[in-house]
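Just so it is clear, none of the values below were taken in a lab; they were calculated from the coordinates. Every value quoted in this text rests on a predicted model; they were computed, and no experiment measured them. A quick note on method: Cβ atoms are made from the backbone with ideal geometry, for glycine too, and the neighbour counts reach across all protein chains shown.
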Amino acid sequence: MQRGFTLIEIVVVIGILAVLLSLGLFMSMETLRGTIYRSEAATIVSLLQKARSRGMANIEQSPWSVCYVNTQYVVAKGALCNAATAHDVVAANPGVAAASSFADPAKFPTIVFAQLSGNTTATSITVLQDSRTQTIAITHEGTIIW
């Protein structure tokens, strides 16, 4: 009697392994996209908190602002948020920024935190990726809700 596997058995096992590997790859890619999405929202909140803290601490006797300029998040001194007044610049994830339409000033408005009080104009930023949506709300007192 011969021992070994038939060609049919080998093909079935390879087919089962291929299905399992493709499911694992799909699940890991979905996990990666979710991590990138959550990381982008956390980066935006971190920069908002930094600008608010600087405004409330009256650093350089100035209000501080956060905006989106040329695929970058900018924390700037003063009410005008641009590259000339930038103190901190962080590259945005191009996929999330494009899906969220951050280049449109209505989607990512310049947020200015007043010196000493941290007050600002109430607004919100919606972060989008695939079917995920997260809104970061900023109240007029400067509270960041996410």
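Below, the figures for the structure above:
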read-out	value
Value at 222 nm in deg cm²/dmol, rounded to 500, when DSSP H runs of n ≥ 4 in the chain each add -39,500 (n - 2.57)	-14000 deg cm²/dmol
Highest-fluctuation residue, Gln115, Gln61, Gln49 considered, GNM on the chain with Cα pairs under 10 Å	Gln61
The stretch 7-145: relative contact order as a whole-number percent, Cα under 8 Å and 6+ apart	20
Rg over Rh [alpha-carbon atoms, Kirkwood Rh] for the stretch 7-145	1.24
Table column - 3J(HN,Hα) (Hz), the stretch 96-111, Karplus curve with 6.51, -1.76, 1.60, x for Gly and Pro	5, 5, 5, 5, 8, 6, 5, 5, 7, x, 6, 7, 9, x, 5, 10
Rg(Cα) / (2.2 N^0.38 Å) computed for the stretch 56-114, rounded to two decimals	1.13
Amide H contacts of Asp88 (H built 1.01 Å from N, under 5 Å, at least 5 apart or other chain)	Val75
Order of Val19, Val75 - criterion: other Cβ atoms within 10 Å of each residue's Cβ, fewest first	Val19, Val75
Tilt relative to the chain, helix 7-56 - C-alpha long axis, 0 to 90 degrees, to 10	10
Gain in span if fully extended, Asp88 to Val19, counting 0.36 nm per residue against the direct Cα distance	20.2 nm
